[in-house]
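Bear in mind that the values in this text are calculations on the coordinates, not laboratory data. Just so we're clear, the structure is a prediction, and the values are computed from it rather than from any experiment. Here Cβ is always computed from backbone atoms with ideal geometry, including for glycine, and neighbour counts include all displayed protein chains.
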């Protein structure tokens, strides 16, 4: 994992010398779960937010999911038909612990529609006298979904020293669709990782001397307004 660096802060002046700033850490990256046959279970490890920087206000996670593999179909009918082969994986990131609830889910899917000649696509069904294939094997496809939370439970979960370990699963849900009488089979792999960042607030409290000067200035302004009112 790479450790994030700080970005430029946006600050609001509440009173002379008193500033509240909202900062984002840079995007950081978890470990990567490399390509593996679905259905798998693993963990992503994220660095927690360091409370020494300020008060955490938002957690943002971008979950990436990839799918790759092959799809095949067998036309069992006597006439041609169009069949769509869909390579699909569902990657689910959860909160830690037994019964941990879902944080974010990403569903990469890639599809192709093929025209199947009568009894003429894969050779794993013994319906063809001269079987041959049309195999769908697309390039790996990756997409992402972003989640953010300012809920108190999530802020507490992601704050502290060290790391947080989040369970992740990669389920295969590849399928074929179309009319006619056909069979299909798939080999599906999935890959996943996360990028994340934290928004936090800091409060700059002025030194006692600065506060005293601000108070004197305020008193002077009040006195000036009173003198104007008496005129």
Practice item. State, to one decimal in nm, how far the label point of residue 48 lies from the label point of residue 185, with both points 7 Å from Cα in the Cβ direction. Key: 4.9 nm
Practice item. Using 0.36 nm per residue of separation minus the Cα-Cα distance, give me the extension gain between residue 79 and residue 27 in nm, one decimal. Key: 13.3 nm
Review point. How do 197, 185 rank when sorted from fewest to most other Cβ atoms within 10 Å of their own Cβ?
Key: 185, 197
Point to revise | Label point distance in nm, residue 165-residue 36, each placed 7 Å from Cα along Cα→Cβ | key: 1.3 nm
Check your understanding: Using the 10 angstrom Cβ neighbour count as an exposure proxy, how do 135, 62 rank, fewest first?
Key -> 135, 62
Review point. Among 198, 117, 64, what is the fewest-to-most ranking by other Cβ atoms within 10 Å?
Key: 117, 64, 198
Practice item. Can you figure out the FRET efficiency of residue 177 with residue 102, using R₀ = 30 Å and their beta-carbon distance, to the nearest 0.05? Key: 0.70
